[in-house]
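A.B. asks: Below is the structure I would like to discuss, written out as structure tokens.
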Amino acid sequence: MRKMIVLVGNYGSGKTEIAVNLAVKGANAGLRTLVIDLDKVNDYFRMSDRVALLADNRVRLVSPTFAGQGVTPSSMSAAVASAFTDNWDLVVFDVGGDAAGALSLGRYHQDFADFAGELCVFDIVNVFRPMSETPEKILKLKGEIEGFARQSVTGFVNNANLLNFASADDLRRGYDVIREASLLSGIPVAHTTGRKEFLEQFLADGRDPKYVGEPIPLETYMHRSWEAFTREGF
């Protein structure tokens, strides 16, 4: 059975990094893998910056940000349609940040409805980003995203980090906040993600697996620094 994973969440939550990791892991496991880049808002962490990496790992990428490659709205639409019509094992949708970015997903509402049993919609949460610091803020933003995306979140992903300054303590902070968001909403925690060494330290604590979900160690493909991030903006 094919699997469709839609990644939504706040700006700077790490959706693109996770999308690349999921795609590479899937392809290396022998899955026919497609990544759809629907982030038309944030040109900072661009999926198209990793075209060669994805191609080397046998991942097909559809993106609106291919500079000089003749991608038009009509050809982009046709390429996205291949996610629903072609025989892929794994399709990962990287959706733009916040409600504005999620709007690009809404037009495919009916297409997704035909694959309801194969669809996961993950809200990627970095509790160190604005609008994600508390359970209440997480749920407020989630509701706004769901309204524009016309999809319901099926699971939270704890991706708490401070980029180059990340540590296991960041995941611990994320666990505490996202656990409360899960308890308030009834939405499960699907995954905890992070660099391998920090994830291992966090898992050694023996916290409730229900609020950890399936751990996913991440390779760092999107190389940015907080200094550049704050200087250059979104």
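The values are calculated or read from the model by the stated rules, or taken from the named source; none is laboratory data. Just so you know, these numbers come straight off a predicted model, no measurement behind them. Neighbour counts run over all protein chains shown; Cβ positions are idealised from the backbone, glycine included. These accessible areas exclude ligands, DNA and RNA; they are computed on the full protein's heavy atoms, side chains included. Shrake-Rupley method; radii C 1.70, N 1.55, O 1.52, S 1.80 Å.
A.B. asks: Cβ-Cβ below 8 Å, separation at least six or inter-chain, first residue in region 82-96 and among the β-branched types (Val, Ile, Thr), second assigned to a loop (DSSP other than H, G, I, E, B): which pairs?
C.D. replies: 91/2; 95/39
A.B. asks: Given the condition surrounded by 23 or more Cβ atoms within 10 Å (Cβ to Cβ), under 21 Å from residue 5 (Cα atoms) and modelled with pLDDT of 95 or more, answer yes or no: does some residue in region 168-180 qualify?
C.D. replies: Checked against the condition, which is being surrounded by 23 or more Cβ atoms within 10 Å (Cβ to Cβ), under 21 Å from residue 5 (Cα atoms) and modelled with pLDDT of 95 or more, region 168-180 yields at least one hit.
A.B. asks: Output the number of residues of region 109-130 satisfying the condition of being open to solvent by 20 Å² or more (accessible area, probe 1.4 Å) and either touching an Asp or Glu at 6+ places or on another chain (Cβ under 9 Å) or more than 17 Å from residue 154 (Cα to Cα) (or both).
C.D. replies: Matching residues across region 109-130 total 5.
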